[in-house]
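Quick notes on the structure that follows.
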Amino acid sequence: MKKVIKKFINNQLLGNTILFVIILCLIISSQLFSNYPTGQGINRVIFNVLIVTSLLSIKQGFNKLFTFALITVISIEVISYIINIPYLEFISEGLKILFFANIVYLLFRQVASSKRVDNRVILEAINVYLLFAIIGSLFAAIIYMGNNNAFLFNTIDNPNYSDFFYFATITVTTIGYGDITPVTNSAQLLTMILGLGGQLYITLVLAMLVGKYLSAPSKK
């Protein structure tokens, strides 16, 4: 049984597939359920599942350091939700940023160090892009918590995390409908970083993957 569990944890292709599916679930849930009374609770549950499954995508997996980080992040997230203390919410969002930043770094390193392009590498590259948007949404939430006038919401009365996730996603993809407008310097700086970062990442990864594919030995 232990060997089966270990094999499951060390299967990066399966781990990245699960991570990709969970991120898609978060994208769908954040827009479909955000206006319902239980919507935010559902999104928080999916987000915590996302935190756990992100460890399945990296080779280091559930080692002692990442397991401790995982327990710490989720514990503070749950406590901040129950107690509803603003400063604790700041800490929770900041820890999630650090956690996902490490996951993104390790995933990108796996993509860069791979010898050939396969399904695992492609999924890793996609997940890095999606996690970059999630990190951006967490930064946007922190900026808004520090200053409620940091963003102008043209069609939203009570903004929540789902709105920041939406904002980060359309900014990273450089769509930008203008329904959420960055007003303060920090919000505008974040918007520029997300927009430029998203496009530079696509350019870099495409060049990297094409280069690996062309340099791979042909099968005869």
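The values are calculated or read from the model by the stated rules, or taken from the named source; none is laboratory data. No experiment lies behind these values; they were computed from the predicted model shown. Reconstructed Cβ throughout: ideal geometry from the backbone, glycine too, with neighbour counts over all protein chains shown. Ligands, DNA and RNA are excluded from the accessible area calculation, which covers all protein heavy atoms including side chains. Shrake-Rupley method; radii C 1.70, N 1.55, O 1.52, S 1.80 Å.
Between region 185-201 and region 35-63, how many Å separate their Cα centres?
25
Dipole magnitude of the chain about its Cα centre, charges +1 at Lys/Arg Cβ and -1 at Asp/Glu Cβ only, in debye to the nearest 20?
Rounded to the nearest 20 debye, it is 1600 debye.
With a point put 7 Å past each Cα toward its Cβ, work out how far Tyr213 is from Met145 in nm, to one decimal.
The answer from the label model is 4.1 nm.
Quick one: helix 64-83 against the long Cα principal axis of the chain, what's the angle to the nearest 10°, folded into 0 to 90?
So the inclination is approximately 20 degrees.
I need to check one value: relative contact order of the chain, counting alpha carbon pairs closer than 8 Å and at least 6 residues apart, in percent.
Over the chain, the number comes to 18 percent.
Sequence gap at least 6, Cα distance under 8 Å: using those rules, report the relative contact order of region 5-132 to the nearest whole percent.
29
For the chain, with every protein chain kept in place, what is the accessible area per residue (1.4 Å probe, Å²)?
56
If R0 is 25 Å, what FRET efficiency do you get for Leu200 and Cys25 from their C-beta distance, rounded to 0.05?
Efficiency at R0 = 25 Å is approximately 0.35.
What 222 nm value per residue comes from the helices of the chain, counting each DSSP H run with n ≥ 4 as -39,500 (n - 2.57) and dividing by all residues, nearest 500 deg cm²/dmol?
That calculation yields -26000 deg cm²/dmol at 222 nm.
Round to the nearest 0.05 the FRET efficiency obtained for Ser113 and Tyr81 when R0 = 35 Å and r is the Cβ-Cβ distance.
Between Ser113 and Tyr81 the formula returns 0.40.
Over the chain, what percent of the accessible surface lies on carbon and sulfur atoms, probe 1.4 Å?
69
Whole number please: convex hull volume per residue, Cα atoms of the chain, in Å³.
Output value, Cα hull per residue: 141 Å³.
For Asp179 and Asn63 in the same chain, what is the full-extension length gain: residue separation times 0.36 nm, less their Cα-Cα distance, in nm?
The span from Asp179 to Asn63 would gain 37.5 nm if fully extended.
May I ask you to derive the FRET efficiency for Val45 and Tyr105 from their Cβ-Cβ distance with R0 = 30 Å, giving the value to the nearest 0.05?
Once the sixth-power term is evaluated, E becomes 0.70.
Using 0.36 nm times the number of residues separating Asn160 and Leu88, minus their current alpha carbon distance, what extension gain do you get?
Once the chain is fully extended between Asn160 and Leu88, it gains 24.3 nm.
What number does region 1-109 give for Rg over Rh if you use C-alpha atoms and the Kirkwood radius?
For region 1-109, the value is 1.00.
Would you mind checking the tilt of helix 185-215 against the longest principal axis of the Cα atoms of the chain, expressed as 0 to 90 degrees and rounded to 10?
Helix 185-215 sits roughly 10 degrees off the main axis of the chain.
For region 163-220, rounded, prolate or oblate, judged on the Cα gyration tensor with a ≥ b ≥ c (square roots of eigenvalues), a/c < 1.5 rounded, else prolate if a/b > b/c?
prolate
Quick one, can you get me the convex hull of the C-alpha atoms of region 120-180 expressed as volume per residue in Å³?
Taking only Cα atoms, region 120-180 has a hull volume of 73 Å³ per residue.
By how many degrees, 0 to 90 and rounded to 10, does the Cα axis of helix 39-54 deviate from the longest principal axis of the chain?
30
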